[in-house]
Amino acid sequence: MSSALSSANPTYALQRLQYIIKKEYRILRYMFFALALYSAMGFAQQTAQNLFSHYQSALYQIRIIELGSGNKSSIGSGFQINDSGVLVTNYHVVSEFVYFPEKYRIEYLAADGSVGDLSLVNIDVVNDLALVQVKSGSNSADFFSLSSSLPEQGSSIYSLGNPHDLGMIVVPGTFNGVKKNSFYQRIHFTGSINPGMSGGPVVNPEGRVVGVNVATAGNQIGFLVPLTKIHALIGTKNFTPLAPEDYKKVIASQLMVNQQRLFERLEQGVWKSNELGGAKIPTLEGALLSCWGDSNSADQEALYLSVENRCSLDEEIFLHGGLRTGGIEIEFEWLESGEFGAHRFYDFFSGSISGAGAGNHAGKNDVSNYQCKQDIVANTHDVKTKSILCLRAYKEFAHLYDVLYIGATLNHESQGLISHFTLAGVSQESAMRFTKQFVGAIAWQ
């Protein structure tokens with residue numbers, strides 16, 4: 001019957017044949033995919049086992065020991081890079097020792113259970129790296145080699161570390177390239193970087209280092225310091241330990257160079273004019289800052305309209321537990337109301353600027369109180385603004401400041417623009433140039 005039907009209807013027979021071929025092709029494709037996945041998993045497992053067996057002795061737990069109690073106050077990971085006992089780790093792993101060398105010491109725990117002291121050889125605070133060295137005794141003859149280049153995007157890489165006092169673990173993951181919108185360059189790694197793995201190496205299947213564990217954003221999203229930063233740090237010294245009195249001098253120099261580089265890039269960037277309510281605001285075009293917007297336009301019971309634009313540099317520089325720097329925040333809010341009289345709107349408008357504050361964490365031992373200057377200024381676009389500019393000095397680092405700016409336009413009785421920015425860890429020269437560029441770019445539509 002089917003034969004007769006096929007003879008009577010050749011189109012149906014052809015369609016039926018095509019369906020069978022497609023079905024068989026899908027089945028084969030799924031089989032090949034499953035086989036490839038199984039092979040990849042097997043290869044990853046075998047690679048992880050090889051890495052564990054070959055490099056366990058070159059991976060260390062880094063401990064910060066509080067001298068008064070003799071107990072560890074924090075832990076991280078580190079890995080040996082030569083036969084002289086030099087280890088790479090994160091700056092934030094050793095930061096409390098850097099800030100308070102009279103209170104802490106650095107210690108290692110090796111895979112064989114041996115313990116010893118470490119000296120600080122060099123730091124790169126901007127890229128969150130540090131070099132430490134075994135002070136005395138025998139260090140491992142095994143060490144990690146650095147890769148000559150980063151892997152291709154999508155390649156398998158392996159994160160190593162010592163989380164939670166559990167000993168060495170290997171976490172397979174994927175290299176996703178250098179993170180976009182990044183001034184302080186980071187590699188995006190798909191894999192679990194757990195607490196205590198900071199400072200551990202991330203290697204390719206050949207066991208060569210391509211990055212250093214630095215942070216996690218959860219949900220299998222990790223970030224690594226890229227290979228180039230490790231090469232730069234290793235190439236700057238002959239591995240002579242730093243003197244404690246030089247620790248913060250090195251940091252101060254690195255912060256000053258970094259802020260100059262950052263603000264030169266901001267000044268040379270393409271600033272475009274965007275509309276916000278009845279104003280035109282400056283926005284940096286490109287990938288340096290991430291921007292977000294919001295409004296209450298859907299709230300039919302609101303007595304006023306609020307439209308917001310917020311941009312920020314997503315990364316900061318960690319200095320110690322209570323101090324972060326290197327960040328930028330830029331915020332604008334357009335306010336208008338037909339329900340308020342002029343006096344009531346002015347009170348409401350003025351109150352809206354009272355909550356502005358610093359964009360970074362800093363304590364009283366790290367920075368001075370803000371010193372503020374208030375003025376009424378008019379720019380070349382005839383925008384009249386009540387401006388408040390505040391600076392607070394870093395106590396440990398001369399010539400570096402946090403800057404807070406708040407501005408409220410005065411041209412209209414029932415509408416206006418609030419502008420606000422914070423800059424962390426900048427020179428006065430950089431702050432003044434940025435403020436002039438920022439205020440001068442605001443205009444009316």
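Summary of values
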item	result
Enumeration of residues in the stretch 252-273 that are open to solvent by less than 50 Å² (accessible area, probe 1.4 Å), more than 16 Å from Ile317 (Cα to Cα) and out of contact with any Asp or Glu (no Cβ under 9 Å at 6 or more places or on another chain)	Leu266
The lone exception for Ile230 - which of (1) open to solvent by less than 30 Å² (accessible area, probe 1.4 Å); (2) over 18 Å from the mean Cα position of the chain (by Cα) it fails	(2)
Residue satisfying all of: in the stretch 379-393; in a strand (DSSP E or B) and in contact (Cβ under 8 Å) with a residue 40 or more places away in the chain; surrounded by the most Cβ atoms within 10 Å (Cβ to Cβ) among these	Thr385
Checklist (1) of a type in the set (Ser, Thr, Tyr); (2) more than 19 Å from Ile317 (Cα to Cα); (3) assigned to a loop (DSSP other than H, G, I, E, B) applied to Ser198, failing item	(2)
Flag if Val98 is more than 19 Å from Val210 (Cβ to Cβ), touching a Ser or Thr at 6+ places or on another chain (Cβ under 8 Å), touching a residue at least 24 places away in the same chain (Cβ under 8 Å) and open to solvent by less than 30 Å² (accessible area, probe 1.4 Å)	no
Any hit, the stretch 226-237, residues being of a type in the set (A, V, I, L, M, F, W, C) and touching an Asp or Glu at 6+ places or on another chain (Cβ under 6 Å)	yes
Single unsatisfied condition, Ile376 versus (1) at pLDDT 95 or above; (2) in a strand (DSSP E or B)	(1)
Residue list for the stretch 233-251, restricted to those being within 23 Å of Phe183 (Cβ to Cβ) and open to solvent by less than 30 Å² (accessible area, probe 1.4 Å)	Leu233, Ile251
Test: residue in the stretch 398-413 that is touching a residue at least 12 places away in the same chain (Cβ under 8 Å), in contact with a strand residue (DSSP E or B) (Cβ under 6 Å, 6 or more places away or on another chain), open to solvent by 70 Å² or more (accessible area, probe 1.4 Å) and not in a strand (DSSP E or B)	no
Every residue from the stretch 146-164 that is of a type in the set (A, V, I, L, M, F, W, C) and within 22 Å of the chain's Cα centre (by Cα)	Leu150, Ile157, Leu160
Residue within the stretch 141-154 that is assigned to a strand (DSSP E or B), in contact with a strand residue (DSSP E or B) (Cβ under 7 Å, 6 or more places away or on another chain), of a type in the set (A, V, I, L, M) and surrounded by fewer than 23 Cβ atoms within 10 Å (Cβ to Cβ) present	yes
Helices (runs of 4 or more DSSP H) contained entirely in the stretch 1-114, each with at least 3 residues that are of a type outside the set (Gly, Ala, Ser) and modelled with pLDDT under 65	10-55
Segments classed as strands (runs of 3 or more DSSP E), wholly inside the stretch 214-291, with at least 2 members that are without any contact (Cβ under 8 Å) to a residue 40 or more places away in the chain and not hydrophobic (A, V, I, L, M, F, W, C)	270-276, 279-285
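The values are calculated or read from the model by the stated rules, or taken from the named source; none is laboratory data. Model, not experiment: these values are computed from the prediction. Every residue, glycine among them, receives a Cβ derived from its backbone with ideal geometry; neighbour counts consider all protein chains shown. Please note that ligands, DNA and RNA were not included when accessible areas were found on the heavy atoms of the full protein model with its side chains. Shrake-Rupley method; radii C 1.70, N 1.55, O 1.52, S 1.80 Å.
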